[in-house]
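Colleague: This is the structure, below, for whatever I ask next.
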Amino acid sequence: MAYPEPLPLGSAIFPASVLAGSVALVTGGGTGLGKAMATELARSGAAIAVASRKPEHLAAGVAAIEALGARAIAVAVDVRDPDAISAAFDEVEARLGPVDILLNNAAGNFPQPAEDMSPRGWRAVTDIVLDGTFFCSTEFARRRIALGGGGCILNIAATYSWTGGPGTAHSAAAKAGVVNMTQSLAVEWAPHGIRVNGIAPGLFPHDDMPAHMRPVPETADDRDRTVPAGRVGRLQELGWAAAFMCSPFASYISGHTLVVDGANWLRRGLRMPEFVSVRDQFGLGATADD
Ligand code: NAP
């Protein structure tokens, strides 16, 4: 038996009064999981700043929030650039007021065997995931501290933060750094009333996924059978978790990364299946030269 289906998309975890008056900056909030989490924060009453690079993503994120009757603005930013981050916070402050919720969701990823990864490819992922999360978090904290404190950060990790994973040396290392940083910053900024948490999503397919990131197998039924819960995650299940972690109902939770994955990352077989190397999984030759 699979996990039962959740309440339908559009069911609010909280009334809009819970985050009313809050301003949430969501990096990568115009696509996929960022958009899904931004939407649930908006349903709980937050005004949303959708922050990323591409105008079409920014427009899609703002449209999704405005369709709920909530307030959203688009802010162009590359999270690898600290000056651009500072300018983005200035713009949000001028248009919506000070940011009190920061959702560090922006990421890049391309699975590849580590020996084929160029320094540029490594940095393309770690600069966005690890450095970008740090730069946005410190900009947020400096401003919150100057205002007298308070607020929360939610970092988006992945379950291979703890296990590593073949083909994802760059992303897994960066996400592990994000989980570790979540713990460091939670302690450092607790005296300022700033909570710092994370969420590690499991398999949450969505329409914005680029072809190279789509889960295998491709069909929904086959994909569901790869998860102990008997089905992949639904976007609202991640959105509710994000809204909870950013809400006053999580007021004593900090330094925690919440896994939302239907128990997928904990499974082990009594009998292990035959090992398949990462090169074979990618259908590549035995070495980079083959
Ligand atoms: P996605 O659709 O590819 O979204 C990535 C977002 O990050 C895009 O909106 C992109 O917007 C933004 N972004 C990328 N580089 C940026 C940069 N330099 N500066 C600012 N924004 C940037 O990915 P997703 O599947 O929704 O994943 C969202 C988060 O969940 C990521 O942190 C991912 O690692 C994590 N996650 C996802 C899954 C899953 O099943 N989908 C599982 C585990 C973890 P622009 O292109 O407009 O900049």
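Colleague: Helix 32-43 sits at what angle to the longest principal axis of the chain, using alpha carbons and giving 0 to 90 degrees rounded to 10?
Modeller: That works out to roughly 30 degrees.
Colleague: Another question, if that's okay. Which order do Arg225, Arg123, Arg144, Arg95 take by accessible area at a 1.4 Å probe, largest first?
Modeller: The ordering from most to least exposed comes out as Arg225, Arg123, Arg95, Arg144.
Colleague: Right, next: Solvent-accessible area per residue for segment 23-281 at a 1.4 Å probe radius, Å²?
Modeller: Computed with neighbouring chains in place, this is 45 Å² per residue.
Colleague: With each pseudo-label sitting 7 Å past Cα toward Cβ, what's the Asp221-Gln183 distance in nm, one decimal?
Modeller: Between Asp221 and Gln183, the simple spin-label model gives 4.4 nm.
Colleague: A further question on this structure: Using a 1.4 Å probe on the protein heavy atoms, what percent of the accessible area of the chain belongs to carbon and sulfur?
Modeller: About 56 percent, which is the carbon plus sulfur part of the accessible surface.
Colleague: To continue, here is another question. Angle, helix 82-95 long axis vs. longest principal axis of the chain, Cα atoms, 0 to 90°, nearest 10?
Modeller: Approximately 50 degrees, to the nearest ten.
Colleague: Probe radius 1.4 Å, ligands and nucleic acids left out: which of Trp265, Trp162 has the largest accessible area, and how do the rest follow?
Modeller: Putting Trp265, Trp162 in descending order of accessible area: Trp162, Trp265.
Colleague: A further question follows. So what is the relative contact order of the chain, in percent, for Cα pairs below 8 Å that sit 6 or more residues apart?
Modeller: Relative contact order here is 19 percent.
Colleague: Sticking with this structure for a sec: Residue by residue, what Karplus-based ³J(HN,Hα) values in Hz, rounded to whole numbers, does segment 144-159 have, using 6.51, -1.76 and 1.60 with θ = phi - 60° and x for Gly and Pro?
Modeller: Going residue by residue, I get 5, 5, 4, 8, x, x, x, x, 8, 10, 10, 9, 9, 9, 7, 6 Hz, with x marking Gly and Pro.
Colleague: Another question, if that's okay. What FRET efficiency comes out for Arg142 versus Arg120 if R0 is 25 angstrom and r is the Cβ-Cβ distance? Round to the nearest 0.05.
Modeller: With R0 = 25 Å, the Cβ-Cβ based efficiency is 0.25.
Colleague: Just to make sure I understand: if all protein chains stay in place, what is the order of Thr133, Thr219, Thr31 by accessible area at 1.4 Å, largest first?
Modeller: Accessible-area ranking of Thr133, Thr219, Thr31, largest first: Thr219, Thr31, Thr133.
Colleague: Please report, in whole Å, how far the alpha carbons of segment 181-237 spread along each principal axis, starting with the longest.
Modeller: The principal-axis extents, from largest down, are 48, 25, 18 Å.
Colleague: Modelling each spin label as a point 7 Å along the Cα-to-Cβ direction, I'd like the Thr163/Ala67 distance in nm, to one decimal.
Modeller: Computed distance between label sites Thr163 and Ala67 equals 3.3 nm.
Colleague: Give the average over all directions of the projected area of the C-alpha convex hull of segment 23-281, one decimal, in nm².
Modeller: Orientation-averaged projected area of the Cα hull: 14.2 nm².
Colleague: Answer with one residue from Ile13, His206, Ile156: the one whose Cα lies farthest towards the positive end of the charge dipole of the chain, charges on Cβ with Lys, Arg +1 and Asp, Glu -1.
Modeller: The listed residue farthest towards the positive side: Ile13.
Colleague: Want the number for Asp81 to Ala263: 0.36 nm per residue separation, take away the alpha-carbon distance, what's left?
Modeller: Computed gain between Asp81 and Ala263 is 61.9 nm.
Colleague: Accessible surface of His192 in the full protein assembly, 1.4 angstrom probe, to the nearest 10 Å²?
Modeller: For His192, solvent-accessible area is about 70 Å².
Colleague: Relative contact order for segment 1-132: what percent, with Cα pairs under 8 Å and sequence separation of 6 or more? Could you put the intermediate results ahead of the total?
Modeller: Numbers: 218 pairs, mean separation 31.0, N = 132.
Dividing the mean separation by the residue count of segment 1-132 yields 23 percent.
Colleague: With a 1.4 Å probe and all protein chains kept in place, how much accessible area does Met245 have, in Å² rounded to the nearest 10?
Modeller: Approximately 10 Å² for this residue.
Colleague: Where nothing but the Cβ of Lys and Arg (+1) and of Asp and Glu (-1) is charged, how large is the charge dipole of the chain around its Cα centre, in debye to the nearest 20? It would help to have the intermediate numbers written out before the result.
Modeller: Values: 23 positive and 29 negative charges, 132 e Å.
Its charge dipole is roughly 640 debye.
Colleague: Under a 5 Å amide H to amide H cut-off, with H placed in plane at 1.01 Å, what residues pair with Thr257 once short-range neighbours are removed?
Modeller: It is Gly198, by chain and number.
Colleague: Residues with amide H under 5 Å of Ser52's amide H, sequence separation 5 or more or different chain, H placed in the peptide plane at 1.01 Å from N; which?
Modeller: It is Gly28, Val75, Val77, by chain and number.
Colleague: What are the ³J(HN,Hα) values, in whole Hz, obtained from phi via the Karplus relation 6.51 cos²θ - 1.76 cosθ + 1.60 with θ = phi - 60°, for each residue of segment 224-235 in sequence order, with x given for Gly and Pro?
Modeller: For segment 224-235, the Karplus curve yields 4, 6, 7, 10, x, 5, x, 7, 6, x, 9, 4 Hz.
Colleague: Next question. What are the ³J(HN,Hα) couplings of segment 164-171, residue after residue, when phi is run through the Karplus curve with 6.51, -1.76, 1.60 and θ = phi - 60°? Round to Hz, x for glycine and proline.
Modeller: Taking θ as phi minus 60°, the curve returns x, x, x, x, 9, 4, 5, 5 Hz for segment 164-171.
The values are calculated or read from the model by the stated rules, or taken from the named source; none is laboratory data. Fair warning: this is a prediction, and the values are worked out from it, not measured in the lab. Heads up, the Cβs are rebuilt from the backbone with ideal geometry, glycines too, and the neighbour counts pull from every protein chain shown. These area figures cover heavy atoms from the full protein model, side chains too; ligands, DNA and RNA do not enter into them. Shrake-Rupley method; radii C 1.70, N 1.55, O 1.52, S 1.80 Å.
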